[in-house]
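A.B. asks: Quick one: the structure is below, and I'll ask about it shortly.
The values are calculated or read from the model by the stated rules, or taken from the named source; none is laboratory data. Quick caveat: nothing in here was measured; it's all calculated off a predicted structure. Don't worry about glycine lacking a Cβ; one is built from the backbone with ideal geometry, like all the others, and counts go over all protein chains shown.
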Amino acid sequence: MRYVVFLVILLAVGVIYAVTRLMSTRKLNNGNSLKNNVIPLDAHRRARKNTNEQPCSSCKKKNGKLMFYAQDDGSVVGLCRDCQAKAKKRDMLPL
Ligand SMILES: [Zn+2]
């Protein structure tokens with residue numbers, strides 16, 4: 001008889017575990033806004049990796065390492081050392 005009680009408890013724990021897992025995965029699926037925030041960050045990280053191969057967004061020269069700045073419209077530009085001075089004058093935010 002004790003064995004049956006143990007089995008029932010085990011079953012109940014299993015069901016609770018399954019339900020909580022299901023709920024947590026549902027929460028993840030609903031967090032689309034969170035996912036959308038992650039994607040541009042990821043792209044930005046990838047862009048940073050290739051800074052030495054990317055031409056400057058302003059003068060289009062491959063001028064070594066680029067610094068990334070956020071523009072007023074929310075877009076990101078990679079600027080070489082020469083163009084960084086111009087960006088600072090325009091009050092652009094470095095990323
Ligand atoms: Zn430049």
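A.B. asks: Would you mind telling me which numbered condition in (1) out of contact with any Pro (no Cβ under 8 Å at 6 or more places or on another chain); (2) modelled with pLDDT of 80 or more; (3) surrounded by 13 or more Cβ atoms within 10 Å (Cβ to Cβ) T51 fails?
C.D. replies: (2)
A.B. asks: Something else about it: Looking at the range 68-95 only, could you name the residues that are in a strand (DSSP E or B) and of a type in the set (G, A, S)? Spell out how you get there, then give the answer.
C.D. replies: First pass over the range 68-95, keeping only residues in a strand (DSSP E or B): 68-70, 76-79, 93-94.
The answer is A70, G78.
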